[in-house]
Amino acid sequence: MTKFKRVLGTAAALALLAGAAQAVELRFECAQDGNECDTMNAIFQKFTAQHPDITVKMDLVPYKAILENLPVDLAGGAGPDLAKVTDLGGLHKYYLDLTPYVNKDEWEKSFGKTLDWYRAGPDDHGIYGIQTQLTITGGFINKTLFDQAKVAIPGPGATWDDWAKASVAVAKATGTKYPMAMDRTGHRFAGMAMPYGATYFDDKGNPELGDPGFVAAAKQFVAWNQDGTMDKNVWAAQGGATYADASKEFINGDLVFYYSGSWQVQKFASQIGDGFDWEVIPAPCGPAGAGHCSGMPGGSGVVGFKSTKHPKEVAQLLDFLAQQDNYATLEAKSLNIPAHAGVAAAGVKYEGASPAAAKALNAFAAQVPTLSPVAYAYQGYKNNRAMFNITVTRLTQAIVGELSLDAALARMKDDLAQALAAAK
């Protein structure tokens, strides 16, 4: 009898050990502009309730850690199981292909063009990530300042030049410090360059920085920074490819026109409050006017990494997040534009959004159908991060007078050639 009890005890212990061995903890690294990581975490708790053997440990980190530290960790084999990333194509070599574990047709139907951003190229048909935060670059204006200045707000089809003239007039009439500003990043500059005709790729599909449209936009942008139309400090006060923005200046009422993107809506809604009326404008057009108006898409998504020891569980978690009801909850609570076709078609009822925020998000969503094919191609290009950084570094040197614009453009061409060689 004692021996039988001992056998039973051993069997029970082995069963407990087997259960413990089956328990899986997934580590998720996330940086948030507003509350999107917190919202995802709540959705993940629902997943755990349905799959008690799978838990998710969220590591909230600064955005800089995602940009700079995560690639180093992944290269060293020490990355997390999943992460929220923005360098979508650049990190492709580390991604877990979800195709064996999910309904590929359903993902293609739901997420369409954004799936290409995570792929290695046109011959790659894998499923690697879910676009959780579709963003669009675009312009914000301080409407109160326009009203005070009695300057008419340019309408749909207005060019970048129209907006520059109006912003200067408003700043002059109201004594506002800065007429215009743009985030210090090549991604944001692309939102101006494409309406000027920038193609970013030659007729053979090779990347380039220096086509006629790009040059025209660069010439105008440098001139505006030098003559005071643009807040020069945003670009000139930084070195290298360091990111900087002008959200503080806009929130404080020191800026008439701010070119940034949809991710700022939640911040502006909470920090501006009733301070002044602000609006999102239609995409500014190039010199040719209507028909040449496009922002730059982007955003962030959640991916799994092939270094994970739990590929099936990672795929299960992402598939759960991709379900229409869960995805709709994420967008509604985090105040983001949906990349999920079903959610976009049904419309998002943004939770707790102020009238200004809801109006702004709908204004950005209305611009999605007008995005240029060049914008989608550039956003999905695996070496676009290098191109963004080269653009910032060399344009800044032209702005501060360290290089002539012609010299800066020549350096861009050389820089890109070196970056592509290094990437190979």
Is one or more of the residues making up the stretch 182-200 farther than 25 Å from ASN384 by Cβ and of a type in the set (Gly, Ala, Ser)?
no
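Would you mind stating whether ALA241 is at pLDDT below 95, outside any helix (DSSP H, G or I) and either aliphatic (A, V, I, L, M) or in contact with a His (Cβ under 7 Å, 6 or more places away or on another chain) (or both)? It would help to see each step written out before you state the result.
On the way: at pLDDT below 95: yes; outside any helix (DSSP H, G or I): yes; either aliphatic (A, V, I, L, M) or in contact with a His (Cβ under 7 Å, 6 or more places away or on another chain) (or both): yes.
Yes: the conditions hold for ALA241.
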Search result, residues across the stretch 364-402 that are closer than 11 Å to PRO297 by Cβ and assigned to a loop (DSSP other than H, G, I, E, B):
GLN367, LEU371, SER372
Among residues of the stretch 162-196, those that are farther than 12 Å from MET230 by Cα and either more than 24 Å from the chain's Cα centre (by Cα) or acidic (Asp, Glu) (or both), counted:
9
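Considering THR48, THR10, THR39, which residue is of a type in the set (S, T, N, Q), at pLDDT below 95 and either crowded, with 19+ Cβ neighbours inside 10 Å or assigned to a helix (DSSP H, G or I) (or both)?
Numbers: THR48 fails: at pLDDT below 95; THR39 fails: at pLDDT below 95.
Matching residue, one of THR48, THR10, THR39: THR10.
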Tabulated pairs, the stretch 199-228, first without any contact (Cβ under 8 Å) to a residue 24 or more places away in the chain, second part of a helix (DSSP H, G or I) and aromatic (Phe, Trp, Tyr), C-beta under 9 angstrom, 6+ apart or interchain
PRO212/TYR196; PHE214/TYR196
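Any idea which of GLY352, GLY342 is under 27 Å from GLY89 (Cα atoms), touching a helix residue (DSSP H, G or I) at 6+ places or on another chain (Cβ under 9 Å), surrounded by fewer than 19 Cβ atoms within 10 Å (Cβ to Cβ) and not hydrophobic (A, V, I, L, M, F, W, C)? Break it down stepwise before answering.
Numbers: GLY352 fails: under 27 Å from GLY89 (Cα atoms).
Result of the check over GLY352, GLY342: GLY342.
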Checking the conditions here, which among VAL392, VAL302 is under 21 Å from MET58 (Cβ atoms), in contact with a Phe, Trp or Tyr (Cβ under 9 Å, 6 or more places away or on another chain) and at pLDDT 95 or above?
VAL302
If MET230 passes every condition in (1) in contact with a strand residue (DSSP E or B) (Cβ under 7 Å, 6 or more places away or on another chain); (2) on the phi > 0 side of the Ramachandran plot; (3) not charged (D, E, K, R) but one, which one does it miss?
(2)
Give the residue that is nearest to GLY112 (Cα to Cα), with candidates limited to residues of the stretch 376-390 that are buried (at least 20 other Cβ atoms within 10 Å of the Cβ) and of a type in the set (S, T, N, Q).
GLN379
Give the residue, chosen from ALA328, ALA315, ALA288, that is in a loop (DSSP other than H, G, I, E, B) and of a type in the set (Gly, Ala, Ser).
ALA288
Could you list, ordered by first residue, the pairs with Cβ atoms under 7 Å in which the first is in the stretch 310-330 and under 18 Å from LYS349 (Cα atoms) and of a type in the set (Ser, Thr, Tyr) and the second is at pLDDT 95 or above and part of a helix (DSSP H, G or I), at least 6 apart or interchain?
TYR327/LEU321; THR329/ILE43
Which of (1) assigned to a loop (DSSP other than H, G, I, E, B); (2) closer than 21 Å to ALA166 by Cα is the odd one out, the single condition ASP203 does not satisfy?
(2)
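Residue by residue, here is whether (1) out of contact with any Lys or Arg (no Cβ under 6 Å at 6 or more places or on another chain); (2) within 30 Å of PHE44 (Cα to Cα); (3) free of Cβ contacts under 8 Å to residues at least 12 places away in the same chain; (4) of a type in the set (Val, Ile, Thr) holds:
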| residue | (1), (2), (3), (4) |
| --- | --- |
| SER334 | yes, yes, no, no |
| VAL343 | yes, yes, no, yes |
| VAL348 | yes, yes, no, yes |
| SER372 | yes, no, no, no |
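The values are calculated or read from the model by the stated rules, or taken from the named source; none is laboratory data. Bear in mind that the values here come from a model prediction, so they are computed numbers and not experimental data. For neighbour counting, all protein chains shown are included, and Cβ atoms are generated from backbone atoms with ideal geometry for every residue, glycine included.
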